[in-house]
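Okay, structure first, notes after.
The values are calculated or read from the model by the stated rules, or taken from the named source; none is laboratory data. Computed from a prediction, not measured in an experiment: that's the story for all the values here. Here Cβ is always computed from backbone atoms with ideal geometry, including for glycine, and neighbour counts include all displayed protein chains.
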Amino acid sequence: MRTQVAIIGGGPSGLLLSQLLHVHGIDSVVLERKTRDYVLSRIRAGVLEVGLRTLMEEAGISDRMNREGIRHDGAMMSHGDEMFRIDFAGHTGTPVIVYGQTELTRDLYDAREAADGMIEFNVEDVGIHDADRDAPYVTYAVSGQSRRLDCDFVAGCDGFHGVSRRSIPEAARREYEKVYPFGWLGILSETAPVNHELIYSNSPRGFALCSMRNENLSRYYVQCRLDDHPDNWSDQDFWDELRRRIPQSAADDLVTGPSIEKSIAPLRSFVTEPMRWGRLFLCGDAAHIVPPTGAKGLNTAASDVHYLLNGLRQYYEEQDSEGIERYSERALARIWKAERFSWNFTAMMHRFPDQTPFDLKMQIAELEFLRSNEAAQKAMAENYVGLPY
Ligand code: APR
Ligand code: PHB
């Protein structure tokens, strides 16, 4: 089999790239190791920046997002019982849209299938070959049958644990990582959100976040120990702890109910450089990870897709390689800014085991400066809604 772009990974990065390539007349094949249902079972944040929304419009899959997405013009920050609002729309002229990543991924799958897009599920033993030559190819197996996909380019959209990053020789890679000394215990409950906007809380007992998927589906998180386990927490334990970590006014309004999902996610900052090796391009979680605090995971995948799509279009439509040559440089320039924002926001809002009394004073001063300074709030708003591509 042959295609122009072989895409490894059928998550948001791979699907969005495949759909956008299709819209621009470039064919691709997506190789996904799981099933569609498995991919759609992942519970992930969906706070969409304007850049991602624009790509969804370009991909022709924005109808449901525009219909069901919830416009958020700001978010609340709280420390103890103090709470203040960051006015995204007021500072930047744009909101964010809350629209679950699962729904966005579902829309992408529906669009690819409507366009008879080629997606192979349950693939195994993916191997990338001759990426540093002019005729790369991918080998893989389905139901024990070996297959080969010849292509012009390979997009490694296979996430942090995928094969693509590791297909770049170690000597050619530089990796940067920070693992945080805590996790996020999250639950999903079919209850009305405690507030119409998100509440990010720094409390003496640790971080908490009040979020949502829609007006009847709430998502809450509390910072927890890395060695903790969801089974250690009854629903009541969770609700009691959440109430202790958010302002009293919110705790009084909290609507609780049975959890329909409960899990712990670790927090990590990670970047690999370069994001290109010959005709292999890394995209999304395959190349970088952010702590979820700033909700940048999906949005950084989108900016990678933007740069790679434009580079591939320039190659095919204008026979000009400038865009693919500069893909890594351009993508990383924006990725590092998102890494900085996510790291800084995480440092400001969480309690660290080794925090000294001075560190705590600095954290509180950081929050107080954000509360009281217009320029600091504008900078926060610009990062949160998404820096320009
Ligand atoms: N072969 C084929 N597919 C693979 C392989 C492999 N060797 N390894 C992983 N995959 C698939 C996974 O099953 C997954 O569906 O690649 C996909 C990668 O998707 P994500 O991990 O979601 O990464 P990405 O598409 O870059 O999306 C980034 O999604 O997971 C969130 O937090 C992440 O919000 C961020 C966004
Ligand atoms: C979520 O709804 O899961 C969510 C929202 C905002 C974040 C992180 C997670 O910053």
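Criterion applied to E339, E382 was being in contact with a Ser or Thr (Cβ under 6 Å, 6 or more places away or on another chain), surrounded by 21 or more Cβ atoms within 10 Å (Cβ to Cβ) and in a helix (DSSP H, G or I), and the one residue passing it is E339. Please verify whether the stretch 37-47 includes one or more residues that are of a type in the set (K, R), over 23 Å from A250 (Cα atoms) and modelled with pLDDT of 95 or more. For the stretch 37-47, residues of a type in the set (K, R), over 23 Å from A250 (Cα atoms) and modelled with pLDDT of 95 or more: absent. Among the residues of the stretch 270-299, those that are in contact with a Pro (Cβ under 9 Å, 6 or more places away or on another chain) and away from ligand 1 (no atom under 13 Å from the Cβ) comprise W277, G278, R279, L280.
Inclusion of D125 among residues that are more than 16 Å from ligand 1 (Cβ to nearest atom), closer than 22 Å to S28 by Cβ and surrounded by fewer than 19 Cβ atoms within 10 Å (Cβ to Cβ) is not warranted. Under the condition of being buried (at least 17 other Cβ atoms within 10 Å of the Cβ) and either more than 20 Å from the chain's Cα centre (by Cα) or among the basic types (K, R) (or both), the residues counted in the stretch 88-105 number 2. Can you spot a residue in the stretch 130-140 that is under 16 Å from I8 (Cβ atoms) and in a helix (DSSP H, G or I)? Among the residues of the stretch 130-140, not one is under 16 Å from I8 (Cβ atoms) and in a helix (DSSP H, G or I), which makes the answer no.
The set of residues in the stretch 10-29 being in contact with a Ser or Thr (Cβ under 6 Å, 6 or more places away or on another chain) and either more than 28 Å from D150 (Cα to Cα) or surrounded by fewer than 24 Cβ atoms within 10 Å (Cβ to Cβ) (or both) consists of D27, V29. Report, by residue number, each residue of the stretch 86-102 that is in contact with a helix residue (DSSP H, G or I) (Cβ under 7 Å, 6 or more places away or on another chain), within 18 Å of E57 (Cβ to Cβ) and within 16 Å of ligand 2 (Cβ to nearest atom). Hits for the stretch 86-102 are P95, V96, I97, Y99, Q101. Taking the listed residues V154, V163, V138, the one that is at pLDDT 95 or above, of a type in the set (A, V, I, L, M, F, W, C), within 11 Å of ligand 1 (Cβ to nearest atom) and under 16 Å from S18 (Cβ atoms) is V138, with no other qualifying. Residues in the stretch 220-238 that are within 12 Å of ligand 2 (Cβ to nearest atom) and surrounded by fewer than 22 Cβ atoms within 10 Å (Cβ to Cβ): there are none. Taken together, the residues in the stretch 283-318 that are assigned to a helix (DSSP H, G or I) and either under 20 Å from A59 (Cα atoms) or over 11 Å from the mean Cα position of the chain (by Cα) (or both) amount to 24. Annotation note: of E57, E32, the sole residue that is buried (at least 16 other Cβ atoms within 10 Å of the Cβ) and more than 16 Å from ligand 2 (Cβ to nearest atom) is E32. Annotation: I7 fulfils all but one of (1) within 11 Å of ligand 1 (Cβ to nearest atom); (2) surrounded by fewer than 24 Cβ atoms within 10 Å (Cβ to Cβ); the unmet one is (2). Regarding the stretch 168-185, can at least one residue be identified that is part of a strand (DSSP E or B), buried (at least 17 other Cβ atoms within 10 Å of the Cβ) and either away from ligand 1 (no atom under 16 Å from the Cβ) or free of Cβ contacts under 8 Å to residues at least 60 places away in the same chain (or both)? Checked against the condition, which is being part of a strand (DSSP E or B), buried (at least 17 other Cβ atoms within 10 Å of the Cβ) and either away from ligand 1 (no atom under 16 Å from the Cβ) or free of Cβ contacts under 8 Å to residues at least 60 places away in the same chain (or both), the stretch 168-185 yields at least one hit.
Which of the residues that make up the stretch 154-190 are farther than 25 Å from W277 by Cβ and aromatic (F, W, Y)? Result: Y180, F182, W184.
The rows are residues; the columns are (1) touching a Phe, Trp or Tyr at 6+ places or on another chain (Cβ under 9 Å); (2) of a type outside the set (S, T, Y); (3) within 16 Å of ligand 2 (Cβ to nearest atom).
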site	(1), (2), (3)
R276	yes, yes, no
V290	yes, yes, yes
A301	no, yes, yes
Y315	yes, no, no
R340	no, yes, yes
P353	yes, yes, no
P357	no, yes, no
E374	no, yes, no
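Would you mention how many residues in the stretch 30-57 are among the β-branched types (V, I, T), in contact with an Asp or Glu (Cβ under 9 Å, 6 or more places away or on another chain) and more than 26 Å from C210 (Cα to Cα)? So the count comes out to 1.
Yes or no, residue by residue, for (1) touching a Leu at 6+ places or on another chain (Cβ under 9 Å); (2) more than 28 Å from I70 (Cβ to Cβ):
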| residue | (1), (2) |
| --- | --- |
| L104 | yes, no |
| D116 | no, yes |
| V154 | yes, yes |
| C157 | yes, no |
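Of the residues making up the stretch 263-270, not a single one is of a type in the set (F, W, Y) and farther than 30 Å from R174 by Cα.
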